[in-house]
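> My questions will all concern the structure given below.
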Amino acid sequence: MKTIVDDIRTRFIVEWEHQQREDLRQIGVRPGTVVPLLGWLKLHSPFVQLTHMSAVDWIEEGELQLTYLLTDPVGMRSLMVCTRIDREEATMESVHALWPQAVTYEQEINEMFGICFPGSPRQGVPFILEGWDDMPPMRRDFDTVEHVHAHHPSRPGREHTDPRAYIGRVFGERGFLHDDD
């Protein structure tokens with residue numbers, strides 16, 4: 001795996017790298033490097049499969065991180081290509097031309113984190129959050145409790161039942177009921 005990262009370093013600027021496991025390495029690159037790097041990997045390396053794409057909110061740094069997980073299906077190893085983008089103007093170039101399944105990942109990340117992927121075919125089309133009119137719910141400053149109170153009617157609380165006492169009562173087993181021990 002080290003040789004592929006050395007090869008990447010001769011062609012692209014790698015800001016950081018981390019060997020997570022023997023079969024999993026992470027590299028960090030600038031946003032403008034992501035699509036050319038992924039395209040080069042798909043054509044010139046064994047990392048040809050986009051296995052997953054995810055985002056993380058680094059609210060304290062004012063950034064969102066995108067991670068592209070590429071897999072070498074023959075060598076059974078993976079490479080994570082990570083980049084950080086500005087949180088307030090969250091836009092990233094789409095990779096759907098390299099891997100058509102990226103459209104689904106990009107659509108979900110757009111809804112859940114508010115990251116735009118211009119040119120991606122289903123940007124702005126409701127996917128998971130049909131009718132959603134609030135900030136993206138996976139952003140760390142999204143207040144779940146406030147959202148629930150504003151959009152869902154309250155209901156009376158439920159009675160808590162101790163599972164051991166319930167089973168004892170239903171099956172008539174002594175020792176499970178606290179009051180008859």
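> Counting only residues that are out of contact with any Pro (no Cβ under 6 Å at 6 or more places or on another chain) and either surrounded by fewer than 16 Cβ atoms within 10 Å (Cβ to Cβ) or free of Cβ contacts under 8 Å to residues at least 40 places away in the same chain (or both), how many does the range 95-116 have?
10
> Here's something else I'd like to know. State whether the residues of the range 86-102 include one that is over 20 Å from L37 (Cβ atoms) and over 22 Å from the mean Cα position of the chain (by Cα).
For the range 86-102, residues over 20 Å from L37 (Cβ atoms) and over 22 Å from the mean Cα position of the chain (by Cα): absent.
> Let me ask something additional. Is there any pair with a first residue in the range 37-61 that is over 16 Å from H96 (Cβ atoms) and a second that is acidic (D, E) and outside any strand (DSSP E or B) whose Cβ atoms are under 9 Å apart and which are 6 or more apart or on different chains, and what are they?
H44/D7; S45/D7; D57/D141; I59/D141
> Restricting the range 13-52 to residues that are among the basic types (K, R) and over 28 Å from R87 (Cβ atoms), which is modelled with the lowest pLDDT?
Result: R21.
> Output the number of the condition that M92 fails; it satisfies all remaining conditions of (1) closer than 28 Å to P137 by Cα; (2) free of Cβ contacts under 8 Å to residues at least 60 places away in the same chain; (3) of a type in the set (A, V, I, L, M).
(2)
> Which of the residues belonging to the range 50-93 are buried (at least 18 other Cβ atoms within 10 Å of the Cβ) and among the small types (G, A, S)?
A55, S78, A90
> Hey, can you tell me all the residues within the range 88-114 that are within 16 Å of R30 (Cβ to Cβ) and not acidic (D, E)?
Once the filter is applied, which keeps residues that are within 16 Å of R30 (Cβ to Cβ) and not acidic (D, E), the range 88-114 yields A90, T91, M92, V95.
> Return the total of residues in the range 134-150 being in contact (Cβ under 8 Å) with a residue 12 or more places away in the chain and not charged (D, E, K, R).
Selection size over the range 134-150: 5.
The values are calculated or read from the model by the stated rules, or taken from the named source; none is laboratory data. Note that this is a predicted model, so its numbers are computed, not measured. A quick note on method: Cβ atoms are made from the backbone with ideal geometry, for glycine too, and the neighbour counts reach across all protein chains shown.
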